[in-house]
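Novice: Got a structure for you, questions after.
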Amino acid sequence: MAFCYVGDTDEEAFRIGQKIPWFLTVSIKSAPQFAKFQPGAIAPEMAPAVWRTGASRRPRPTNLDVDSLVRQGQMFAGNPDTVVKQIKEFRRRVGGIHHIIMMTRQGLVTHAEAEKSFTLAAREVLPQLQELEPVDEQWGSMAVAAS
């Protein structure tokens, strides 16, 4: 699963796509008194010790932006060709992917902006990805060629 915004240009996609990390940065903040006991943060049997020591979870990032999320492979953003390149590079780095869930309607992205991104993804990004050979076949043929 990755955040994604496909625009007509890279500049448009990064500008509108910045609404997604802004939302993530704001939504992950919590009051200090609640930080220790977010669900799943610590095992219940450890709660008394954590409360006594004052330990809390590691700090969350507060400066997320499109550039950093794209570099980390957590977001794809740009014009259709840029997004295809990013997905192919991500696929190469992680050893293949079978399915992608593109999360676009996050934060302050409007319905019209999300609809435009989905339309561009469906018309221009996905057809280019359909031509990729299945991951198992690609890596299998490389292993055979290497032996």
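Novice: ARG52 to PHE23: FRET efficiency via 1/(1 + (r/R0)^6), r the Cβ-Cβ distance, R0 30 Å, to the nearest 0.05?
Specialist: Working: r = 35 Å, r/R0 = 1.17.
Calculated value: 0.30.
Novice: Under a straight-distance cross-link criterion of Cα-Cα below 18 Å, which aspartates and glutamates are reachable from LYS88, leaving out those fewer than 8 residues away in the same chain?
Specialist: Partners within reach: ASP10, ASP67, GLU124, GLU131, GLU133, ASP136, GLU137.
Novice: Here's another thing I want to ask about it. Given points 7 Å out from each Cα along the Cα-Cβ axis, report the ASP8 to MET103 separation in nanometres with one decimal.
Specialist: With each label point 7 Å from Cα toward Cβ, the separation is 2.9 nm.
Every number in this text was worked out from the coordinates using simple rules, so none of it is lab data. These figures come from a predicted structure and were not determined experimentally. No Cβ is skipped: glycine too gets one built from the backbone with ideal geometry, and neighbour counts run over all protein chains shown.
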